[in-house]
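The values are calculated or read from the model by the stated rules, or taken from the named source; none is laboratory data. Here the structure is a predicted model, which means the values were calculated and not measured. Counting neighbours? That spans all protein chains shown, and the Cβs are built from the backbone with ideal geometry, glycine included.
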């Protein structure tokens, strides 16, 4: 049986310091060497990028700045900068690639802000981009991309992509939080690269950080950030952050609010949901909402599933009582033996960040098929999300798993006594879980939701150590500043759902809360409207018209039913503008033939395989070319057992940018249809798929059984 991937929830400088078992010098990052163990107990992760970050970016998607800014040279520090507090550093080549003058350097800060002389100092790394302005910069735009554990400066392209248009009036300041990027990177090898069991690797990392293990909380980060701002001489900053970057901003705003010109939050984590058990509750609500909204917005799914919440509850109950086991292919065509119990259903099928909502759009139809005795669609969803690759988070300067733990474990309000041994902590946490009502995580059980895979900020922190009290995320009796604040949140966000973000928005007295339709986590990655609103807000300190956020960039595809035979499918609609001669039987054949092509396209968005199997036989092969046009070749691909589809599909992906280089979403297919369920013939299909704008219908023409075809099939 395949093992489930360990999920890392991404909400994505040197010093002289010696602690017990740990040496940090001016030439290397914080390093905690973990003990090795045998490969068979290594932690797991899927290949490819980490959840929450784009798979690929087309260089053409980064807006060009005006010609007068295109010169890569050192940027002068502001005249108000305290140059004696800044240690210059050579900028990395990537920082020069935008043609904007840039200065790079370090600012020394106490490792322990409460006791500045106790543990010495560390260096906080920054990059300051200073384009030419007609006058003085209005502010510095400060940014953070969450994690926690992610480097800000290594994701500098995001700053230019989303806020490049604002640099005519603003400077850009990127700071790596302590413990990540180039700011005293925490390097725990066994935790970073999966060379030890998770709990052991976490304990090793904390133990070897020793007395410093509790000094990487977000409260400390806020004080670092202000030290850099002050050293560079900026009175005001516009602070943008998504996901866990929202916690950074809240910590800063409640301490240094007088230095904020504006705040822009996207899918923010914050103090209202720092209880891991409540955060898990919110995520369950987000998972349920995504399934409900995705089906409801799909004309293929909604007619068959008028009560999606009820159906999801039935499926969870059924799987909890009677797990499903069998064989299926993953999207790469690898056969896998799969056992789907409630944990797999929640963690690998429903709460799955690895693709463009494929599994959540199919889970209701798969549950319906299961009730009819057909387990294959559900088994396939399980097989597609089960991986056996070893967990390896890669370069810790890009993403530090040690920093993830060092920050989140001390920021969240844990249900145990940190002075207790791990076994006692486990008992205390179990007691807190038992006190929850049985229906708290409906439709899922408490045992599943609070398990190791889902309950990241609680269960996975049990082995961490907090030798000293960390600086809290917000101080006692916090005061939230009266500054213009925009809070964006995707209504399809599973990582930090609306239940969390709406509460965070209420903390800020002058906040405008804007839910973004069909956007995942965070909304700027999924919605051109959200990106435009964020840039507009920094420019004007207001949003003139946020109504675009209520119109989905795309309607994510969903499936209404998985027919075993074509006769069980919904018939395609007759096109009143064409000449149609086929009857209801062949109109059902058209539905499953087009579904075979769309199903292959769906599979391509799961790790972009070069080839894969049809649901009930046959195969497809994909040529991604330069990513502007994908060409799929189908060979007897079968969505229903009695209809075989061969031919080609040409697809021009539309944004988000990581789906390609910005095509129009056009979908053209020429298909040969055969099999015992049809008289056979050829079909030409035109329309759009995963395209911006209102969803329409695919136009299907051709002949079946010698009769003319003119029918319509929903695009989504």
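List of remarks:
- In region 439-477, the residue that is nearest to the chain's Cα centre (by Cα) out of those that are at pLDDT below 95 and outside any loop (DSSP other than H, G, I, E, B) is 456.
- Residue match in region 252-260 (condition: over 20 Å from the mean Cα position of the chain (by Cα), surrounded by fewer than 19 Cβ atoms within 10 Å (Cβ to Cβ) and within 19 Å of residue 152 (Cβ to Cβ)): yes
- So residue 436, is it under 20 Å from the mean Cα position of the chain (by Cα) and surrounded by fewer than 18 Cβ atoms within 10 Å (Cβ to Cβ): no
- Residues of region 121-132 that turn out to be buried (at least 24 other Cβ atoms within 10 Å of the Cβ) and in a loop (DSSP other than H, G, I, E, B), as a count: 1
- Among the residues making up region 133-142, those that are out of contact with any strand residue (DSSP E or B) (no Cβ under 6 Å at 6 or more places or on another chain) and either at pLDDT 95 or above or surrounded by 14 or more Cβ atoms within 10 Å (Cβ to Cβ) (or both) are 133, 138.
- Odd one out for residue 679 among (1) outside any strand (DSSP E or B); (2) within 30 Å of the chain's Cα centre (by Cα); (3) surrounded by fewer than 18 Cβ atoms within 10 Å (Cβ to Cβ); (4) modelled with pLDDT of 95 or more: (2)
- Some residue of region 319-338 being assigned to a loop (DSSP other than H, G, I, E, B), more than 26 Å from the chain's Cα centre (by Cα), within 28 Å of residue 440 (Cα to Cα) and at pLDDT 95 or above: yes
- Residues located in region 213-249, provided they are on the phi > 0 side of the Ramachandran plot and crowded, with 24+ Cβ neighbours inside 10 Å: 243
- For region 589-600, the set of residues classified as under 14 Å from residue 637 (Cβ atoms) and in contact with a strand residue (DSSP E or B) (Cβ under 6 Å, 6 or more places away or on another chain) consists of 593, 594, 596, 597, 600, listed by residue number.
- Residue in region 73-86 that is in a loop (DSSP other than H, G, I, E, B), more than 17 Å from residue 233 (Cβ to Cβ) and at pLDDT below 95 present: yes
- Residue check for residue 578: more than 11 Å from residue 711 (Cβ to Cβ), touching a strand residue (DSSP E or B) at 6+ places or on another chain (Cβ under 9 Å) and at pLDDT 95 or above: no
- When region 499-528 is filtered for residues that are in a helix (DSSP H, G or I) and either surrounded by fewer than 24 Cβ atoms within 10 Å (Cβ to Cβ) or touching a strand residue (DSSP E or B) at 6+ places or on another chain (Cβ under 6 Å) (or both), the ones remaining, listed by number, are 499, 501, 502, 503, 505, 506, 507, 523, 524, 525, 528.
- Residue 189 vs. criteria more than 28 Å from residue 264 (Cα to Cα) and under 26 Å from the mean Cα position of the chain (by Cα): yes
- Restricting attention to region 546-566 and to residues that are more than 23 Å from the chain's Cα centre (by Cα) and in a loop (DSSP other than H, G, I, E, B), the residue that is surrounded by the fewest Cβ atoms within 10 Å (Cβ to Cβ) turns out to be 565.
- Condition met for residue 268 (in a loop (DSSP other than H, G, I, E, B) and out of contact with any helix residue (DSSP H, G or I) (no Cβ under 7 Å at 6 or more places or on another chain)): no
- Among the conditions (1) modelled with pLDDT under 95; (2) part of a loop (DSSP other than H, G, I, E, B); (3) buried (at least 24 other Cβ atoms within 10 Å of the Cβ), the only one that residue 190 does not satisfy is (2).
- Residues located in region 143-159, provided they are over 16 Å from residue 246 (Cβ atoms) and touching a strand residue (DSSP E or B) at 6+ places or on another chain (Cβ under 8 Å): 151, 153, 156, 159
- Qualifying residue in region 513-524 (condition: touching a helix residue (DSSP H, G or I) at 6+ places or on another chain (Cβ under 7 Å) and farther than 30 Å from residue 255 by Cα): yes
- Region 682-698, residues that are touching a strand residue (DSSP E or B) at 6+ places or on another chain (Cβ under 9 Å) and either surrounded by fewer than 17 Cβ atoms within 10 Å (Cβ to Cβ) or not in a strand (DSSP E or B) (or both): 682, 684, 686, 689, 690, 691, 695, 696
- In the set (1) touching a strand residue (DSSP E or B) at 6+ places or on another chain (Cβ under 7 Å); (2) surrounded by fewer than 22 Cβ atoms within 10 Å (Cβ to Cβ); (3) within 25 Å of residue 451 (Cα to Cα), the condition left unmet by residue 341 is number (1).
Matching residues to (1) assigned to a loop (DSSP other than H, G, I, E, B); (2) touching a helix residue (DSSP H, G or I) at 6+ places or on another chain (Cβ under 9 Å); (3) surrounded by fewer than 24 Cβ atoms within 10 Å (Cβ to Cβ):
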| position | (1), (2), (3) |
| --- | --- |
| 364 | no, yes, no |
| 370 | no, yes, yes |
| 378 | no, yes, no |
| 382 | no, yes, no |
| 393 | yes, yes, yes |
| 397 | yes, yes, yes |
| 402 | no, yes, no |
| 408 | no, yes, no |
| 414 | yes, yes, yes |
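- For the criterion of being touching a helix residue (DSSP H, G or I) at 6+ places or on another chain (Cβ under 8 Å), farther than 19 Å from residue 275 by Cβ and surrounded by fewer than 18 Cβ atoms within 10 Å (Cβ to Cβ), residue 452 fails.
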